[in-house]
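The values are calculated or read from the model by the stated rules, or taken from the named source; none is laboratory data. Keep in mind that what you see is a predicted model, and the values were worked out from it rather than measured. With ideal geometry, Cβ positions are generated from the backbone for all residues, glycine too; neighbour counts draw on all protein chains shown.
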């Protein structure tokens with residue numbers, strides 16, 4: 001009812017353009033943001049049910065090696081980069097961002113059911129690749145809908161609210177997987193079945209409650225952006241800087257799946273409790289997403305994005321250094337990971353949104369997401385190879401050192417750029 005009321009209110013009042021007088025002083029989060037948050041909440045329950053059991057299912061159940069799992073994890077994160085660009089470009093050219101996002105959500109729902117029909121590591125990989133294709137198609141149009149719903153000064157807050165709702169789903173998904181594994185005889189298939197049903201509900205919510213504002217008449221009547229116009233995105237200095245920063249840091253970002261596997265080995269957790277590891281991450285993310293978004297609006301989104309990666313370095317060090325008791329690992333690792341995501345995920349999109357023209361907003365966000373995804377794909381493969389060759393502790397130490405070096409490099413480049421501006 002709350003979403004319906006918000007939708008009706010927005011429809012009656014119209015969606016004000018960012019920067020107009022009606023935006024100034026408006027504190028309520030738009031209904032579009034809340035509706036998309038609810039869609040993401042439900043979809044993330046579905047996705048995290050699978051993600052929570054996948055590392056153990058593939059490594060312990062199907063016998064996948066760390067190197068192969070690294071390649072698969074990289075594929076899971078980055079192999080759909082071209083589809084991000086394709087989805088973003090189609091959404092901008094047609095101005096049907098909701099439709100493109102809906103296609104992505106629907107494809108992912110089908111793939112959740114497809115997991116029931118495959119039983120070897122690489123057939124699972126093929127289904128996951130299709131699932132990530134759906135994620136690639138939907139992410140940029142969804143973020144563009146959020147960005148276009150709020151004025152530039154409140155981007156961080158809006159993305160914080162959305163990411164908090166999204167993370168509520170990430171919190172409930174592993175708990176649901178844990179419950180299914182606890183009671184089901186054939187646990188993994190039961191998890192995949194429930195996940196598919198929940199994913200379908202997310203598509204239904206998108207169709208019913210998310211409303212895309214029509215383009216203003218003057219712009220709707222004008223010419224559509226040409227394909228060559230996308231090339232102008234790389235000439236935007238702020239966007240170019242964000243793309244380079246996200247790619248460099250993404251290359252040394254260790255994926256959750258690896259960190260959870262290492263934590264499970266350190267604590268010797270049974271398989272049924274493995275899905276609980278992401279719960280602490282989601283809880284910390286949920287608590288910190290909105291405050292982090294507000295802090296980014298006040299202190300600077302790029303600065304907060306860089307600072308958040310220091311927390312990931314802390315996670316790597318905790319898993320490398322011998323810790324005599326299990327409690328610090330159980331509490332600190334999920335908490336630091338959750339705050340890391342709160343300070344980086346939505347903040348990066350909030351930093352990019354105001355830099356981009358409205359007619360290329362989705363394409364620009366997709367370009368940024370693609371740079372980050374490709375870097376994380378390469379980073380996952382390299383980390384899996386390092387684990388196989390040198391062992392997990394050495395691989396984590398190298399990743400932490402590389403991430404620290406990347407942070408120092410980016411920060412130094414930013415200070416040099418600021419000094420050049422002042423000298424002019």
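Points to keep in mind about this one:
- Residue in region 155-163 that is in contact (Cβ under 8 Å) with a residue 60 or more places away in the chain, part of a helix (DSSP H, G or I) and under 21 Å from residue 85 (Cα atoms) present: yes
- Residue within region 61-68 that is within 16 Å of the chain's Cα centre (by Cα), farther than 25 Å from residue 372 by Cβ and modelled with pLDDT of 70 or more present: no
- Neighbours by Cβ (under 6 Å, 6+ apart or cross-chain): first from region 125-137, on the phi < 0 side of the Ramachandran plot and surrounded by fewer than 21 Cβ atoms within 10 Å (Cβ to Cβ); second modelled with pLDDT under 85 and assigned to a helix (DSSP H, G or I): 125/72; 129/75
- Every pair of residues 6+ apart whose Cβ atoms lie under 7 Å, when the first sits in region 107-121 and is at positive phi and touching a residue at least 60 places away in the same chain (Cβ under 8 Å) while the second is surrounded by fewer than 16 Cβ atoms within 10 Å (Cβ to Cβ) and in a helix (DSSP H, G or I): none
- For residue 323, the conditions (1) under 16 Å from the mean Cα position of the chain (by Cα); (2) not in a helix (DSSP H, G or I) are fulfilled apart from (1).
- Failed criterion for residue 150 (all others in (1) part of a helix (DSSP H, G or I); (2) within 22 Å of the chain's Cα centre (by Cα); (3) modelled with pLDDT under 90 hold): (1)
- Residue check, residue 101 assigned to a helix (DSSP H, G or I), out of contact with any strand residue (DSSP E or B) (no Cβ under 6 Å at 6 or more places or on another chain) and in contact (Cβ under 8 Å) with a residue 60 or more places away in the chain: yes
- Restricting attention to region 292-303, the residues that are within 18 Å of the chain's Cα centre (by Cα) and surrounded by fewer than 21 Cβ atoms within 10 Å (Cβ to Cβ) total 1.
- Reported count of residues in region 107-119, each being surrounded by fewer than 19 Cβ atoms within 10 Å (Cβ to Cβ) and part of a helix (DSSP H, G or I), is 5.
- Residue match in region 377-391 (condition: under 30 Å from residue 264 (Cα atoms) and not in a helix (DSSP H, G or I)): yes
- Taken over region 153-188, the criterion of being at pLDDT below 85 and over 21 Å from the mean Cα position of the chain (by Cα) is satisfied by 153, 178, 181, 182, 183, 184, 185, 186, 187, 188.
Matching residues to (1) within 15 Å of residue 247 (Cβ to Cβ); (2) crowded, with 21+ Cβ neighbours inside 10 Å; (3) touching a residue at least 40 places away in the same chain (Cβ under 8 Å):
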residue	(1), (2), (3)
305	yes, yes, yes
314	no, no, no
324	no, no, no
332	no, no, no
363	no, yes, yes
386	no, no, no
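- Test: residue in region 404-418 that is closer than 24 Å to residue 33 by Cβ and modelled with pLDDT under 90: no
- Only helices (runs of 4 or more DSSP H) whose full extent lies in region 213-313 are considered here, and the ones with at least 2 residues that are modelled with pLDDT under 90 and in contact with a helix residue (DSSP H, G or I) (Cβ under 8 Å, 6 or more places away or on another chain) are 237-250, 256-267, 277-299.
- On inspection, residue 35 qualifies as modelled with pLDDT of 90 or more, farther than 18 Å from residue 135 by Cβ and in contact with a helix residue (DSSP H, G or I) (Cβ under 6 Å, 6 or more places away or on another chain).
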